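Taking it in order: structure first as C-alpha coordinates, then the write-up.
The values are calculated or read from the model by the stated rules, or taken from the named source; none is laboratory data. Computed from a predicted model, the values in this text were never measured in an experiment. All Cβ positions, even for glycine, are placed from backbone atoms using ideal geometry, and neighbour counts span all protein chains on display.
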Amino acid sequence: MQIQSIHHIAIICSDYDRSKQFYTQLLGLPIIRETYRAERQSYKLDLQVGSTTAIELFSFPEPPMRPSHPEACGLRHLAFSVADLDAVVADLTGKGITCEPIRLDQLTGKRFTFFADPDGLPLELYEG
(Lines give C-alpha, C1' and ligand atoms only; values in the text may rest on other atoms or scores of the structure.)
Protein backbone atom coordinates (compact mmCIF):
# COMPACT_ATOMS: atom_id res chain seq x y z
CA MET A 1 0.00 0.00 0.00
CA GLN A 2 1.28 3.45 -0.89
CA ILE A 3 -0.63 6.61 -0.02
CA GLN A 4 -0.12 9.20 -2.75
CA SER A 5 -1.62 12.39 -1.33
CA ILE A 6 -4.42 13.85 0.75
CA HIS A 7 -7.61 13.79 -1.34
CA HIS A 8 -9.84 15.94 0.86
CA ILE A 9 -10.45 17.29 4.34
CA ALA A 10 -14.02 17.30 5.70
CA ILE A 11 -15.17 20.11 7.98
CA ILE A 12 -18.60 20.39 9.63
CA CYS A 13 -19.51 24.01 10.33
CA SER A 14 -22.09 25.55 12.65
CA ASP A 15 -23.14 28.40 10.30
CA TYR A 16 -22.94 27.44 6.63
CA ASP A 17 -23.26 30.95 5.15
CA ARG A 18 -20.61 32.38 7.51
CA SER A 19 -18.18 29.52 6.84
CA LYS A 20 -18.81 29.59 3.08
CA GLN A 21 -17.99 33.32 3.02
CA PHE A 22 -14.87 32.74 5.16
CA TYR A 23 -13.40 29.97 3.00
CA THR A 24 -14.39 31.39 -0.41
CA GLN A 25 -14.22 35.18 0.05
CA LEU A 26 -11.63 35.65 2.80
CA LEU A 27 -9.35 32.69 2.03
CA GLY A 28 -10.12 32.74 -1.70
CA LEU A 29 -10.68 29.01 -2.20
CA PRO A 30 -12.49 28.29 -5.49
CA ILE A 31 -15.80 26.41 -5.40
CA ILE A 32 -15.79 23.06 -7.22
CA ARG A 33 -19.49 22.38 -6.57
CA GLU A 34 -22.23 23.13 -4.05
CA THR A 35 -24.89 20.54 -3.25
CA TYR A 36 -27.97 20.72 -1.05
CA ARG A 37 -29.07 17.33 0.30
CA ALA A 38 -32.72 17.79 1.33
CA GLU A 39 -32.97 14.40 3.04
CA ARG A 40 -30.18 15.48 5.44
CA GLN A 41 -31.07 19.19 5.54
CA SER A 42 -27.41 19.63 4.70
CA TYR A 43 -25.17 21.53 2.32
CA LYS A 44 -21.91 20.12 0.98
CA LEU A 45 -19.53 22.66 -0.52
CA ASP A 46 -16.45 21.30 -2.31
CA LEU A 47 -13.55 23.76 -2.36
CA GLN A 48 -10.30 23.45 -4.33
CA VAL A 49 -7.00 23.66 -2.44
CA GLY A 50 -4.06 23.51 -4.82
CA SER A 51 -4.17 20.99 -7.65
CA THR A 52 -4.93 17.75 -5.81
CA THR A 53 -6.69 18.47 -2.51
CA ALA A 54 -10.19 19.64 -1.62
CA ILE A 55 -12.06 20.76 1.48
CA GLU A 56 -15.56 19.39 1.90
CA LEU A 57 -17.52 21.92 3.96
CA PHE A 58 -20.67 20.37 5.46
CA SER A 59 -23.63 21.85 7.30
CA PHE A 60 -25.95 19.76 9.46
CA PRO A 61 -28.84 20.82 11.68
CA GLU A 62 -27.49 21.40 15.22
CA PRO A 63 -24.12 19.61 15.03
CA PRO A 64 -22.54 18.95 18.44
CA MET A 65 -19.61 21.17 19.40
CA ARG A 66 -16.15 19.63 19.55
CA PRO A 67 -13.48 20.85 21.96
CA SER A 68 -10.69 22.52 20.00
CA HIS A 69 -7.94 22.61 22.57
CA PRO A 70 -4.49 22.57 20.95
CA GLU A 71 -3.51 19.31 22.61
CA ALA A 72 -6.91 17.55 22.52
CA CYS A 73 -7.08 14.05 21.06
CA GLY A 74 -8.10 14.05 17.39
CA LEU A 75 -7.28 16.21 14.38
CA ARG A 76 -5.02 18.95 15.69
CA HIS A 77 -5.17 21.51 12.86
CA LEU A 78 -5.30 22.02 9.10
CA ALA A 79 -2.18 23.58 7.54
CA PHE A 80 -1.98 25.52 4.27
CA SER A 81 1.33 25.94 2.45
CA VAL A 82 2.07 29.52 1.35
CA ALA A 83 4.97 31.06 -0.56
CA ASP A 84 5.03 34.44 1.24
CA LEU A 85 3.84 34.22 4.85
CA ASP A 86 4.13 37.98 5.49
CA ALA A 87 1.94 38.81 2.49
CA VAL A 88 -0.75 36.28 3.43
CA VAL A 89 -0.80 37.42 7.07
CA ALA A 90 -1.09 41.05 5.93
CA ASP A 91 -3.96 40.11 3.60
CA LEU A 92 -5.84 38.22 6.33
CA THR A 93 -5.23 40.99 8.87
CA GLY A 94 -6.64 43.49 6.37
CA LYS A 95 -9.77 41.34 6.20
CA GLY A 96 -10.17 41.40 9.99
CA ILE A 97 -8.73 37.94 10.67
CA THR A 98 -6.37 37.77 13.64
CA CYS A 99 -3.22 35.71 13.20
CA GLU A 100 -0.94 34.62 16.02
CA PRO A 101 2.62 35.97 16.01
CA ILE A 102 4.80 34.27 13.39
CA ARG A 103 6.93 31.48 14.82
CA LEU A 104 9.90 29.48 13.59
CA ASP A 105 9.71 25.68 13.28
CA GLN A 106 12.81 24.56 15.19
CA LEU A 107 13.02 21.32 13.19
CA THR A 108 12.75 22.73 9.66
CA GLY A 109 13.72 26.39 10.07
CA LYS A 110 10.45 27.37 8.31
CA ARG A 111 8.10 30.10 9.50
CA PHE A 112 4.44 29.51 10.42
CA THR A 113 1.46 31.01 12.19
CA PHE A 114 -2.06 30.07 13.23
CA PHE A 115 -5.50 31.64 12.86
CA ALA A 116 -9.03 30.28 13.30
CA ASP A 117 -12.06 29.68 11.11
CA PRO A 118 -15.51 30.91 12.24
CA ASP A 119 -16.00 27.80 14.43
CA GLY A 120 -12.59 28.11 16.07
CA LEU A 121 -10.95 25.36 13.98
CA PRO A 122 -7.21 26.05 14.15
CA LEU A 123 -5.74 26.76 10.71
CA GLU A 124 -2.00 27.04 10.08
CA LEU A 125 -0.09 28.93 7.41
CA TYR A 126 3.27 27.27 6.74
CA GLU A 127 5.82 29.06 4.59
CA GLY A 128 7.60 26.83 2.20
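For this structure, a couple of remarks:
- Entry remark, the range 31-56: residues being touching a residue at least 12 places away in the same chain (Cβ under 8 Å), farther than 16 Å from residue 79 by Cα and of a type outside the set (Val, Ile, Thr) number 9 in total.
- Of the residues making up the range 87-112, those that are of a type outside the set (D, E, K, R) and either at pLDDT below 95 or over 18 Å from residue 23 (Cβ atoms) (or both) are 87, 90, 101, 102, 104, 106, 107, 108, 109, 112.
- If you go through the range 73-100 and pick out every residue that is assigned to a loop (DSSP other than H, G, I, E, B), in contact with a Phe, Trp or Tyr (Cβ under 6 Å, 6 or more places away or on another chain) and free of Cβ contacts under 8 Å to residues at least 60 places away in the same chain, you end up with 2.
- Matching option when the condition is outside the structural domain of residue 17 (by TED's automatic domain parsing) and at negative phi, among 57, 92: 92
- The residue that is farthest from residue 122 (Cα to Cα), among those in the range 24-60 that are among the polar types (S, T, N, Q) and part of a strand (DSSP E or B), is 35.
- Test: residue in the range 77-90 that is among the small types (Gly, Ala, Ser) and touching a strand residue (DSSP E or B) at 6+ places or on another chain (Cβ under 6 Å): yes
- Restricting 54, 10, 38 to those that are surrounded by fewer than 17 Cβ atoms within 10 Å (Cβ to Cβ), closer than 18 Å to residue 117 by Cα and among the hydrophobic types (A, V, I, L, M, F, W, C) reduces the list to 10.
- Checking residue 91 against (1) acidic (Asp, Glu); (2) surrounded by 13 or more Cβ atoms within 10 Å (Cβ to Cβ); (3) closer than 17 Å to residue 15 by Cα, the condition it does not meet: (3)
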